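Bear in mind that the values in this text are calculations on the coordinates, not laboratory data. Here the structure is a predicted model, which means the values were calculated and not measured. Here the Cβ is made from the backbone with ideal geometry for all residues, glycine too, and neighbour counts use every protein chain on show.
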Amino acid sequence: MVIRFSSRPVRRIITVSDAERYGERGDDEQRDLQNWMADIQDIAARNAGLDRQQAFIQGTGDGSVTAWPPEASDLDLLVDYLRELHDELLRVNGKLI
C-alpha cells in the first residue's frame, strides 16, 4: 500500500468560541452550556448556508475550535456566519428585537 500526501497547502478558516465565566459554573451548568454553544453555532452555520458537521471541531471545555472545510466560502463564513452567530446569540440571550 502506498500513501501519498499532497504537497499542496490546504487553507482553512478557523473560528474559536469561548464561554465567559465557564469555570464558575457547576458540572451540570457547564455541560448544558457546552451543548447550547454547539447548538447555537450549528444553527448559525445552517442559517448561513454552511454545514458545521463537515468541519473539524475540537472541543476546548469552555468552547471550541472549528476548522472549516477548505471549500467553505470565505464570504459565507466571514459575513453570513458571523452575522447569524451574532443574531442567534442575541436571540438566546433574550435581546433580539
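Return one number: the angle in degrees, 0 to 90 and rounded to the nearest 10, between the long axis of the Cα atoms of helix 27-47 and the longest principal axis of the Cα atoms of the chain.
For 27-47 against the chain, the angle is about 60 degrees.
Once all Cα-Cα distances of the chain are split into 10 Å bins that start at 0, what whole-number percent is in each one?
Spelled out bin by bin, the chain gives 15, 41, 28, 11, 4, 1 percent.
With everything on Cα atoms, drop me the angle between helix 82-92 and the longest principal axis of the chain, reported from 0 to 90° to the nearest 10.
Around 30 degrees separate the two axes.
Just tell me the longest site-free run in the chain, where the sites are GluC sites (Glu not before Pro) in a DSSP loop having at most 12 other beta-carbon atoms within 10 Å. Please list the in-between numbers first.
Values: sites that count: 20, 71.
Answer from the scan: 21-70.
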